[in-house]
Amino acid sequence: MAGGKSIWDHSLCMNIFKLLMRIRRDELVQIPEDLCEEGKDFLGKCFAKDLSKPWTVEMLLSHPFVSDYDTVLVEDMGELF
């Protein structure tokens, strides 16, 4: 979505199950080339296939690409709607 389109071309998939199977296999995510280096690194951590060293939510939220932004608690989001 950072490049204005879906990361996975799901038009080839008949349903969400097939899309999930494509994602689970070895298909690599195409990260937009024009994204800043911190953004590329962050997305690389989000979509890493190596499940032996997964990044936790806390680790992702402390990544420099997103750590400069204020976090919004889920409880507070009700006020936005």
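Here are the numbers:
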| read-out | value |
| --- | --- |
| Close pairs (9 angstrom Cβ cut-off, 6 or more residues apart or separate chains): basic (Lys, Arg) in segment 46-58, assigned to a loop (DSSP other than H, G, I, E, B) and surrounded by fewer than 12 Cβ atoms within 10 Å (Cβ to Cβ) anywhere | LYS49/ASP26; LYS49/LEU28 |
| Residue that is modelled with the lowest pLDDT, among those in segment 16-54 that are β-branched (Val, Ile, Thr) and under 11 Å from the mean Cα position of the chain (by Cα) | VAL29 |
| Test: residue in segment 61-75 that is at pLDDT 90 or above, of a type in the set (Asp, Glu) and either closer than 26 Å to ARG25 by Cα or part of a helix (DSSP H, G or I) (or both) | no |
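The values are calculated or read from the model by the stated rules, or taken from the named source; none is laboratory data. The structure presented is a predicted model; accordingly, all values stated were derived computationally and were not measured. With ideal geometry, Cβ positions are generated from the backbone for all residues, glycine too; neighbour counts draw on all protein chains shown.
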